[in-house]
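Below is one structure, written out as structure tokens; comments come after it.
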Amino acid sequence: MKIMFKTPRQSPTTSPARTARVHFADLYAGYPGHPVLSQLSGEITRLTMTALVGPNGSGKSTLLGVLAGVIHPTSGELHCTGERQPAYVPQRGAVGDSLPLTVRQTVEMGCWGRRGPWRRLNGRDRTVVDAALDRLGVGDLAARQLGELSGGQRQRALIAQGLAQESDLLLLDEPTSGLDPEARERIEELLTALVADGVTVVQATHDLEVARRANACLLLQDGRLAGQGHPEEVLTTSALARIWQTL
Ligand code: ADP
């Protein structure tokens, strides 16, 4: 297995937007005694919104875990360009709403990678946290407990935590699932704005409309790539019928 981190190399004719932020080839990964992903080859293009689509259990979260660096491939190649660790935003449901954390404390945890857990934040960290709270429109909720918030507000607090990590690669696990249309739209707009500001965004999603509006799509079936490319080319009626009918 080969995992490489390197700074992007660009020829004068290569636009930064067209280079791969992550490239993987013949990748296998999973859990002890439970292989999930196999023979995955593809890439996450810099400065795009990429949607990971596939039925439950097809390996979307596992692939996010690999991209985040928390699940190590069992074989294959994974090349990451860029110097920053990815920021990973877990599924909202995976974050206990009984945790006695305020929104500000939740976002401050995004600084722990730089500062270390429970360390005092410095002035720059506080500026980063304030900017992330404002950017996600949760500044006025900073003193509220996470468990008191609506699903959309909680999701925005979690994305703000991801932003506080100051990464150029944001990985999100179903950020809009279970939200009402208004909250969903707000999050979609925020993520689109982040891409415009220079962040590469990858989101696992069940929402085919969200996936169709992405710049690129990876379609997973049983841990294998059933398609990748522009959503219009990947999410065809026949491909979706083939995958969902075999369930
Ligand atoms: P998706 O996100 O597409 O629903 P997952 O990546 O969560 O798919 O799951 C892929 C497969 O891996 C499923 O069969 C799931 O049961 C299994 N799986 C997920 N997490 C674990 C884990 N921590 N340990 C063992 N198996 C897991």
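The values are calculated or read from the model by the stated rules, or taken from the named source; none is laboratory data. Here the structure is a predicted model, which is why all the values come from computation and not from measurement. A quick note on method: Cβ atoms are made from the backbone with ideal geometry, for glycine too, and the neighbour counts reach across all protein chains shown. With ligands, DNA and RNA removed, areas are computed over all heavy atoms of the protein, side chains included. Shrake-Rupley method; radii C 1.70, N 1.55, O 1.52, S 1.80 Å.
Remarks
- Apolar share of the accessible surface for the chain: 49 percent from carbon plus sulfur atoms, 1.4 Å probe.
- q = 0.13, 0.22, 0.29 Å⁻¹: log10 I(q)/I(0) that the Debye formula gives for region 198-245, counting C-alpha atoms only: -0.28, -0.78, -1.29
- Across the alpha-carbon set of the chain, the Rg to Rh ratio works out to 0.96, Rh being the Kirkwood radius.
- Label-point separation, Arg124 to Thr236 (7 Å along Cα→Cβ), nm: 5.0
- Net lengthening on full extension, Asp134/Ala193 (0.36 nm per residue, minus Cα-Cα): 19.9 nm
- Here region 36-101 yields Rg over Rh of 0.99, to two decimals, using C-alpha coordinates and the Kirkwood radius.
- For Val138, no residue whose modelled amide H falls within less than 5 Å of its own remains once neighbours fewer than 5 places apart on the same chain are excluded.
- Placing a label point 7 Å from the Cα of Gln85 along the Cα-to-Cβ direction, the residues of region 161-203 with a backbone N closer than 17 Å are 161-172.
- Electrostatic tally near Arg213: other residues with Cβ closer than 12 Å to its Cβ, Lys and Arg +1, Asp and Glu -1, net -4.
- Normalising the average separation of contacting C-alpha pairs (under 8 angstrom, six or more residues apart) by the number of residues puts the relative contact order of region 80-203 at 35 percent.
- Rolling a 1.4 Å probe across the protein heavy atoms gives region 93-228 an accessible surface of 47 Å² per residue.
- In this structure, Ser150 and Glu185 have a Cβ-Cβ separation that, at R0 = 25 Å, corresponds to a calculated FRET efficiency of about 0.95.
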